[in-house]
Amino acid sequence: MLMLTVPKEEYLMIGKNVKITFLGGNNNQLRLMIDAPKEVNIARGRAIQKRAVKRRNAALQQAHAQEESGAEASIEKAEEISAEKAQEA
């Protein structure tokens with residue numbers, strides 16, 4: 001991890017093709033300009049967390065739907081067995 005105190009307009013280079021320029025800010029916010037090739041994926045932490053929550057919720061909904069469909073299948077199977085036994089009697 002690297003922690004820096006930098007003046008306005010200072011920049012960092014990451015590799016040979018990613019440039020981060022510090023544009024200023026205050027105690028609560030920092031303004032950056034990131035110059036990078038299109039193939040470099042840049043995402044805010046908040047956006048990454050939001051996507052992770054959406055994916056988790058979708059997975060939970062899918063698991064819940066599968067549980068419900070499994071329960072319905074079990075009920076149908078039980079009804080079939082009950083009908084077969086009724087026919088045998």
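Conditions (1) in contact with a strand residue (DSSP E or B) (Cβ under 7 Å, 6 or more places away or on another chain); (2) assigned to a helix (DSSP H, G or I); (3) among the basic types (Lys, Arg), marked per residue:
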| position | (1), (2), (3) |
| --- | --- |
| Arg31 | yes, no, yes |
| Lys38 | no, no, yes |
| Ile48 | no, yes, no |
| Arg56 | no, yes, yes |
| Ala59 | no, yes, no |
| Ala65 | no, yes, no |
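Based on this model, can you work out whether Gly15 counts as surrounded by 11 or more Cβ atoms within 10 Å (Cβ to Cβ) and either of a type in the set (Gly, Ala, Ser) or modelled with pLDDT under 95 (or both)?
Numbers: surrounded by 11 or more Cβ atoms within 10 Å (Cβ to Cβ): no; either of a type in the set (Gly, Ala, Ser) or modelled with pLDDT under 95 (or both): yes.
It is false that Gly15 is surrounded by 11 or more Cβ atoms within 10 Å (Cβ to Cβ) and either of a type in the set (Gly, Ala, Ser) or modelled with pLDDT under 95 (or both).
Among the listed residues Val6, Val40, which satisfies the condition of being more than 28 Å from the chain's Cα centre (by Cα), at pLDDT 75 or above and not polar (S, T, N, Q)?
On the way: Val40 fails: more than 28 Å from the chain's Cα centre (by Cα).
So the residue among Val6, Val40 that is more than 28 Å from the chain's Cα centre (by Cα), at pLDDT 75 or above and not polar (S, T, N, Q) is Val6.
The values are calculated or read from the model by the stated rules, or taken from the named source; none is laboratory data. All values derive from a computational prediction rather than experimental measurement. When we count neighbours, we look across all protein chains shown, and the Cβ atoms used for this are built from the backbone with ideal geometry, even at glycine.
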